[in-house]
1. Given the criteria farther than 30 Å from Gly16 by Cα, assigned to a helix (DSSP H, G or I) and among the β-branched types (Val, Ile, Thr), does Val73 qualify?
2. What is the one condition in (1) in contact with a Pro (Cβ under 8 Å, 6 or more places away or on another chain); (2) closer than 26 Å to Lys68 by Cβ that Ile92 does not satisfy?
3. Report yes if Leu93 is touching a helix residue (DSSP H, G or I) at 6+ places or on another chain (Cβ under 7 Å), more than 27 Å from Gly15 (Cα to Cα), free of Cβ contacts under 8 Å to residues at least 24 places away in the same chain and surrounded by 14 or more Cβ atoms within 10 Å (Cβ to Cβ), otherwise no.
4. Phe38 fails exactly one of the following numbered conditions: (1) touching a Gly at 6+ places or on another chain (Cβ under 8 Å); (2) aromatic (Phe, Trp, Tyr); (3) closer than 30 Å to Leu138 by Cβ. What is the number of that condition?
5. Would you mind stating whether Ile1 is exposed (fewer than 14 other Cβ atoms within 10 Å of the Cβ), within 20 Å of Ala53 (Cα to Cα) and modelled with pLDDT of 90 or more?
6. Going by the conditions given, is Gly16 open to solvent by less than 100 Å² (accessible area, probe 1.4 Å), at pLDDT 90 or above and under 27 Å from Phe134 (Cα atoms)?
7. When segment 100-141 is examined, which residues are found to be modelled with pLDDT of 90 or more and open to solvent by less than 70 Å² (accessible area, probe 1.4 Å)?
8. Would you mention how many residues in segment 32-70 are surrounded by 10 or more Cβ atoms within 10 Å (Cβ to Cβ) and outside any loop (DSSP other than H, G, I, E, B)?
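The values are calculated or read from the model by the stated rules, or taken from the named source; none is laboratory data. Keep in mind it's a predicted model, so treat the numbers as computed, not measured. Because the Cβ atoms are built from the backbone with ideal geometry, glycine has one as well, and the counts that use them run over all protein chains shown. Keep in mind that these areas ignore ligands, DNA and RNA; they rest on the heavy atoms of the full protein, side chains included. Shrake-Rupley method; radii C 1.70, N 1.55, O 1.52, S 1.80 Å.
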Amino acid sequence: IVMDRVISLLIVIFGGYWAYMGWFEYGYWVGTTPGPGFLPVCIGIATVILGAAGLFKNQPPAFKVTKKNFIPVLGALLMIGSITILGMIISILLFMVIWLLVVEKFSFKWASILCVSTTAVIYLIFELVLKVPFPSGLIGI
């Protein structure tokens, strides 16, 4: 139960930070229209409310928190860390391949097909259609 409360408290802090940044740093309302901080404030407040509900609930946790529960967090941190070296596209591809092979137990054939096609769609949408550049790593990709 202690870990349950700690996670709920972290969610409240995270939501509060979102709301604070949206309100004071980005501007909640600009002139007669919502400003760039409008959505972070709304989501931040909702996150604080939901986190507080989890903080004050009197139910046993839905599942036991084990080391296995932190695998997604570790994987995401490794992917984010690899972006500076490998670039965003290669990092996404590697993360997906490793995840599908190790965690989801996909066959190499299906993992490869899914990862290459998903990465290609992401690249096409963001780089070519929307013209949003991805971070390139030290190897220039």
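1. Details: farther than 30 Å from Gly16 by Cα: no; assigned to a helix (DSSP H, G or I): yes; among the β-branched types (Val, Ile, Thr): yes.
Judged against the criteria, Val73 is not a match.
2. Tallying (1) in contact with a Pro (Cβ under 8 Å, 6 or more places away or on another chain); (2) closer than 26 Å to Lys68 by Cβ, Ile92 fails exactly one: (1).
3. On the way: touching a helix residue (DSSP H, G or I) at 6+ places or on another chain (Cβ under 7 Å): yes; more than 27 Å from Gly15 (Cα to Cα): yes; free of Cβ contacts under 8 Å to residues at least 24 places away in the same chain: no; surrounded by 14 or more Cβ atoms within 10 Å (Cβ to Cβ): yes.
Judged against the criteria, Leu93 is not a match.
4. Result: Phe38 passes all but (3).
5. Values: exposed (fewer than 14 other Cβ atoms within 10 Å of the Cβ): yes; within 20 Å of Ala53 (Cα to Cα): yes; modelled with pLDDT of 90 or more: no.
Taking the combined requirement at face value, the residue does not satisfy it.
6. Here the answer is no, as Gly16 does not meet what is asked.
7. Within segment 100-141, Leu100, Leu101, Ser107, Ala111, Ser112, Leu114, Cys115, Ser117, Thr118, Thr119, Ala120, Ile122 meet the criteria.
8. So the answer is 21.
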